[in-house]
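Read through the structure below, which is laid out as structure tokens, and then see the notes.
The values are calculated or read from the model by the stated rules, or taken from the named source; none is laboratory data. Predicted model only: the values in this text are computed from it and were never measured. Here Cβ is always computed from backbone atoms with ideal geometry, including for glycine, and neighbour counts include all displayed protein chains.
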Amino acid sequence: MSKNLFTPLIAFIMCLASCSFVSKDFDASDKDSLIIQLITYVLDQAHYLDKDINDDFSEKVFDTFLENLDPYKRYFYASDIYEFSKYKHSIDDAFKNPNLDFFDLVHERYSSRMLESEKIFNDILSKPFDFSKDEICECDFEVLDYVQTKDELYDRWRKLLKIYVIENYHNEIEDDLRKQEEDPYFKLRKLDLIEKETRDALNETMNQNFRFISEEMQRSDWFSVYINSFVSQYDPNTSYLDPESKDRFDVDMSGNYAGIGARLQKKIDKVEITEVISGGPAWRDNILEKGDAILKVRQDDEEEPVSILNMRLSEAVKLIKGKKGTKVHLTIKKVDGSISEVSVKRDIVLLEETYIKSSIVEKGNNTFGIINIPKFYIDFDNQSNRDAAKDLRSEIERLKEQGVQGLVIDLRNNGGGALKTVVEMAGMFIKNGPVVQVKYFDKEKQVLSDRDRSILWTGPLVILVNEGSASASEILAAAMQDYKRAIIIGGNQTWGKGTVQNVFPLNRMVRGNTNGDLGALRYTTQKYYRINGGSVQLEGVKSDINVPYRYKYLDFGEKDSENPLQWDEIDQVEYATWDSNFNFDEAIRKSKKRMADNKYLKLVDENAKWIKSVRDDKLINLNYDKFKLELDENSLKTEKFKALNDFSMDYNFKSLPYELDLIKNDSVLGLKRSRWHKSLNKDFYIDEALNVLSDLRSSYLEN
């Protein structure tokens, strides 16, 4: 397919915005075929990439679809894959001229293999596991081949199930020992009883999940998997949203019900936390973080947790949300591979905590301000009159009234927001000039600039970022770095998302549609660039001062996703760097020397390397004595790293006068700010940011 480069952007968008728009004749006799026609047309006409839909593309769709259906290679045989392979290089043609023969064959075979597997796992779980047997399970499923025989399939299932049982078997033994320490009269269960109870619990969970799949999962659900195997080849941010997927795609659990305050996304083999919502219960308790996977859910009145691995995300959400004030217990797998159960009290997300807040702090003879920006929010309908740019302006004005001599802008874990807002914010720190370049799918370029010549803040500026800082956060950090206006402190780099998406309801393209809701397509329409011409895509924003952190050696961000758009660069635009008496180079040099001599940071780096080694180890011992020995060795190692939790400073962080007045009549707000100030005192990033501001301030006074 080749893109019609002569289709003007504005005309196309206006046409798509029209509910009655029909750009061409679509065959609406079959809903699935109609969806394919609409999606391929929109991608062809409006996606940023001019993608060749050819045999190579077809092969990637083939592999992706099978991987999405069977990531552990525990359903299909090698003979199935061989039979499917006759379609490997014709899927592109099946999308150009809708044909579902490949999908129907795979779907039918998958359904029958699921039924066969149900008999297999029930048979396996009806017999005790032998934990004295020396064997390992290879969990790098990319290197595993599909099985040739039923015996091989049986053995693969046996090892996968044994992993689950041995982990829970060990946890139950440890729980009994803890209970006996607390109560000498507590009677330990026999090991064979623990094994049976753990195995029976897994059997019940597996049967529940399989019943759900067979009774609740419809053909349309698997069709969505197929469609997304196609559209995801364009880039990881392009996806088809079927009519039911609003609850499954990046679910916002901070709605008008009580939840944990996190955004979740269903991935192949897990439900992953993609964002912890500022102001929510998980955020307040500081027990969950981006990248954590939720494996099981347990209610307060239940003894056994329910596995959510094979559930729709919408069904898992129903288990997690509930009545305000009640607790939900989540079995979490951390990024470092450790598994534990955490408890979260359900609550409504407090929206005011998603807004900008600030604090003042004294360091030596200097007074500095810290401004936390959770996201770049704006109310286009002006119903709440909340605007991150307006709020930032107000906080800076208030901090200036308190005589602050330096500012820290905290953009860590800020996933972005309104582009208009970030341009306005950048303008508060520069005289005027370009902030970001935006390139559209038709390759036309637009430069977004600050045209206000006034400067709100002329003093030293430090911006904090991490791997969770994305999109608009990256634009602001990059602009301040290019203007040499601020020193950027963070990890290796920010998230690395340099693209913009649009969500388009497919119903708008069919006049008089009688097929019901056709879903929507989220697709990439733009790419943005720094004013120096470079993209933040994949590479993110590199920090001027790189602070070690726990996940330094793990792959995070856009570069760790499938089929990301590549990094490139365009011509830079004309801009003048900041002219000041602050010695950035000297401040950066002093910071690096401080950190090189810091024992705490050396331990952080050692911890990061250990986490990397744990994540890279794909072999799991299924002999219990060896399994326990490895856990004990890891526990001894983690004891050393517990010292990281002891880090604390003794700064006196204070709310601004206007907020102190509010706190007099709002004890809850006072508690929130007290908790925030306490967390700032345990935050090495903040400590180093204040040190850098002090150095910048000293260099200014010396000049």
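For region 442-484, which residues satisfy the criterion of being farther than 26 Å from THR274 by Cα and among the charged types (D, E, K, R)? Matches in region 442-484: ASP442, LYS443, GLU444, LYS445, ASP450, ARG451, ASP452, ARG453, ASP482, LYS484. In this structure, does TYR48 turn out to be within 28 Å of PHE504 (Cβ to Cβ) and hydroxyl-bearing (Ser, Thr, Tyr)? In short, yes. Only a single criterion out of (1) crowded, with 22+ Cβ neighbours inside 10 Å; (2) touching a helix residue (DSSP H, G or I) at 6+ places or on another chain (Cβ under 7 Å); (3) within 21 Å of ASN68 (Cα to Cα) is not satisfied by ALA316, namely (2).
Of all residues in region 186-199, those that are at negative phi have Cβ atoms under 6 Å from Cβ atoms of residues that are outside any helix (DSSP H, G or I) and surrounded by 14 or more Cβ atoms within 10 Å (Cβ to Cβ), 6 or more apart or on another chain, in ARG199/LEU125.
Filter region 690-703 down to residues that are aliphatic (A, V, I, L, M) and farther than 13 Å from GLU362 by Cα and give me whichever is surrounded by the fewest Cβ atoms within 10 Å (Cβ to Cβ). Steps first, please.
Taking region 690-703 and keeping what is aliphatic (A, V, I, L, M), we get 690, 692-693, 696, 701.
Subset that is farther than 13 Å from GLU362 by Cα: 692, 696, 701.
Numbers: VAL692: 24, LEU696: 25, LEU701: 9.
If we take residues in region 690-703 being aliphatic (A, V, I, L, M) and farther than 13 Å from GLU362 by Cα, then LEU701 is surrounded by the fewest Cβ atoms within 10 Å (Cβ to Cβ).
When the residues of region 315-346 are narrowed to those that are small (Gly, Ala, Ser) and more than 26 Å from ASP200 (Cα to Cα), which ends up modelled with the highest pLDDT? Per the stated criteria, the residue is GLY325.
Among the residues making up region 192-234, a single one is modelled with pLDDT of 95 or more, hydrophobic (A, V, I, L, M, F, W, C) and surrounded by fewer than 19 Cβ atoms within 10 Å (Cβ to Cβ): LEU193.
Taking the criterion of being exposed (fewer than 11 other Cβ atoms within 10 Å of the Cβ) and of a type outside the set (Ser, Thr, Tyr), the residues of region 653-670 that qualify are LYS664, ASN665, VAL668.
Checked against (1) touching a residue at least 24 places away in the same chain (Cβ under 8 Å); (2) within 30 Å of MET114 (Cβ to Cβ), GLU215 passes all but condition (1).
For region 586-594, indicate whether the set of residues that are outside the structural domain of GLU167 (by TED's automatic domain parsing) and more than 20 Å from PHE684 (Cα to Cα) is non-empty. Even if it seems obvious, please write down each step before you answer.
Keep residues of region 586-594 that are outside the structural domain of GLU167 (by TED's automatic domain parsing), which gives 586-594.
Pick out the ones that are also more than 20 Å from PHE684 (Cα to Cα) and you get 586.
Yes; the residues of region 586-594 include at least one that is outside the structural domain of GLU167 (by TED's automatic domain parsing) and more than 20 Å from PHE684 (Cα to Cα).
Looking at LYS324, LYS334, LYS345, just one residue is of a type outside the set (Ser, Thr, Tyr), touching a helix residue (DSSP H, G or I) at 6+ places or on another chain (Cβ under 7 Å) and surrounded by fewer than 20 Cβ atoms within 10 Å (Cβ to Cβ), and that residue is LYS345.
Within region 148-172, residues that are closer than 18 Å to GLU118 by Cβ sit with their Cβ atoms under 6 Å from residues that are crowded, with 18+ Cβ neighbours inside 10 Å and among the hydroxyl-bearing types (Ser, Thr, Tyr), at 6+ positions apart or across chains, in these pairs: VAL165/THR198. The one condition from (1) touching a Phe, Trp or Tyr at 6+ places or on another chain (Cβ under 9 Å); (2) polar (S, T, N, Q); (3) in a helix (DSSP H, G or I) that THR577 does not meet is (3).
Among the criteria (1) buried (at least 24 other Cβ atoms within 10 Å of the Cβ); (2) not assigned by TED's automatic domain parsing to the domain that holds SER613, the one ASN515 does not fulfil is (1).
Results for (1) over 30 Å from GLY322 (Cβ atoms); (2) at pLDDT 90 or above; (3) touching a Lys or Arg at 6+ places or on another chain (Cβ under 7 Å), shown as yes or no for each residue.
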{"site": "ILE348", "(1), (2), (3)": "no, no, yes"}
{"site": "GLU362", "(1), (2), (3)": "yes, yes, no"}
{"site": "PHE368", "(1), (2), (3)": "yes, yes, no"}
{"site": "ILE371", "(1), (2), (3)": "yes, yes, no"}
{"site": "PRO374", "(1), (2), (3)": "no, no, no"}
{"site": "TYR377", "(1), (2), (3)": "no, no, yes"}
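Within the bounds of region 51-72, is there any residue that is surrounded by 14 or more Cβ atoms within 10 Å (Cβ to Cβ), modelled with pLDDT under 95 and under 21 Å from VAL503 (Cβ atoms)? Yes, some residue in region 51-72 is surrounded by 14 or more Cβ atoms within 10 Å (Cβ to Cβ), modelled with pLDDT under 95 and under 21 Å from VAL503 (Cβ atoms). Taking the criterion of being among the β-branched types (Val, Ile, Thr) and touching a residue at least 24 places away in the same chain (Cβ under 8 Å), the residues of region 99-147 that qualify are VAL106, ILE120, ILE124, ILE136, VAL147. Residues in region 288-328 that are under 21 Å from the mean Cα position of the chain (by Cα), farther than 19 Å from PHE212 by Cα and assigned to a strand (DSSP E or B): ALA293 only.
Summed over region 404-440, the residues that are over 21 Å from SER535 (Cα atoms) and charged (D, E, K, R) give a count of 2.
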